[in-house]
Amino acid sequence: MKISLKAELLKARKGGYAIPAFNFDNLEMMKGIIEAAEETKSPVILMVTESAAKYMGLDYVFSFAITAVQKATVPVILHWDHGFDINLIKKAIDAGFSSVMLDSSLKNFNQNVAETIEVVKYAHANGVEVESEIGHIGGKEDDRSSNANGFTDINEAIEFNKLTGVDALAIAAGTSHGLFKSPPKLQLDLIKEIVEKIETPIVLHGSSGVPLEDLKEAINLGITKINIGTDLKIAAANGIKLWFLENPDGFDARKYGRSSIDYVKAEAIKKIIAFKSNNKG
């Protein structure tokens, strides 16, 4: 069931919950995400990054992800996550994605604005919505490593939102992509200020490993989309590792694949319950 990103996020803000945005790197992860959403009756944002799409093959991703959206019994937003290549973003738009994200956050403000406007114009002309990032969220994202470039500046965020007309805005507020090297500390005062001053839905990236209590507080302050990637990667790998520990002579991909699906599903359900999106689909 394909739906609008912005409309669903605004609904979440009004209802006091956040929609989980889960990355998938293979078919098993995707199935685990969809099964979790259906079992909990939660809307979900199904996300793929450039490197994951290239690994699986663009045509394969477009085919089975769009099929998943059409067959799902709950609302699913198919989202192109952390797009660096505008041409690939446009391909995702043309293929039928619900929404796309441009990440030009490491470029200067004017470049970020100009590139975001280009994507917004193309996407909106095709009925697709756009997320962009102001203030850089560091860590390892999509095979790229970088250091956080400080927290989002509230005045820049307001101006960026006004100039670009994005449908969702990702901010740097203490999270990091990949595994945290030190305990994360969310800037809750910053989140509160940005949410109060910007009507556009505000997004948290790099939220794997952040204590659920902190994420719940961010939701209470108005965060409506929370991105989870690494926690699902770990779950997917653990499902396979543990299956082989119990079946050292095993080789049936359908069986260790099913174990991977189940572990991803369990982790996704944990996040869905914490974000209070269960029974909202």
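Taking the options Val264, Val210, name whichever one is closer than 27 Å to Ala12 by Cα, aliphatic (A, V, I, L, M) and without any contact (Cβ under 8 Å) to a residue 40 or more places away in the chain. Quick ask: steps written out before the conclusion?
Details: Val264 fails: without any contact (Cβ under 8 Å) to a residue 40 or more places away in the chain.
Result of the check over Val264, Val210: Val210.
Outside any helix (DSSP H, G or I), of a type in the set (D, E, K, R) and within 20 Å of Lys270 (Cβ to Cβ): is that true of Asp81 in this structure?
The answer is no for Asp81.
Output the residues belonging to the range 2-16 that are at pLDDT below 95 and farther than 14 Å from Glu131 by Cβ.
Lys2, Ile3
Are any residues in the range 85-112 touching a residue at least 40 places away in the same chain (Cβ under 8 Å), hydrophobic (A, V, I, L, M, F, W, C) and farther than 16 Å from Val61 by Cβ, and if so, which ones?
Passing the criteria: Leu106, Phe109.
Out of all the residues in the range 109-150, which are surrounded by 14 or more Cβ atoms within 10 Å (Cβ to Cβ), at pLDDT 60 or above and assigned to a loop (DSSP other than H, G, I, E, B)?
Answer for the range 109-150, where residues must be surrounded by 14 or more Cβ atoms within 10 Å (Cβ to Cβ), at pLDDT 60 or above and assigned to a loop (DSSP other than H, G, I, E, B): Val128, Gly135, His136, Ile137.
Do you know which residues across the range 4-58 are under 23 Å from Tyr256 (Cβ atoms), in a loop (DSSP other than H, G, I, E, B) and in contact (Cβ under 8 Å) with a residue 24 or more places away in the chain?
Those that are under 23 Å from Tyr256 (Cβ atoms), in a loop (DSSP other than H, G, I, E, B) and in contact (Cβ under 8 Å) with a residue 24 or more places away in the chain: Phe24, Asp25, Asn26.
Can you work out which of the residues in the range 84-106 that are in a loop (DSSP other than H, G, I, E, B) and out of contact with any helix residue (DSSP H, G or I) (no Cβ under 7 Å at 6 or more places or on another chain) is surrounded by the most Cβ atoms within 10 Å (Cβ to Cβ)?
Within the range 84-106, the match that is surrounded by the most Cβ atoms within 10 Å (Cβ to Cβ) is Phe97.
Yes or no: Ala12 under 18 Å from Asn126 (Cα atoms), surrounded by 20 or more Cβ atoms within 10 Å (Cβ to Cβ) and of a type in the set (A, V, I, L, M)?
no
In this structure, is Lys225 more than 16 Å from the chain's Cα centre (by Cα) and either over 28 Å from Val69 (Cα atoms) or modelled with pLDDT of 95 or more (or both)?
no
Which condition breaks for Ser208 when tested against (1) modelled with pLDDT under 95; (2) under 21 Å from Asn26 (Cβ atoms); (3) over 20 Å from the mean Cα position of the chain (by Cα)?
Tallying (1) modelled with pLDDT under 95; (2) under 21 Å from Asn26 (Cβ atoms); (3) over 20 Å from the mean Cα position of the chain (by Cα), Ser208 fails exactly one: (3).
The values are calculated or read from the model by the stated rules, or taken from the named source; none is laboratory data. Bear in mind that the values here come from a model prediction, so they are computed numbers and not experimental data. With ideal geometry, Cβ positions are generated from the backbone for all residues, glycine too; neighbour counts draw on all protein chains shown.
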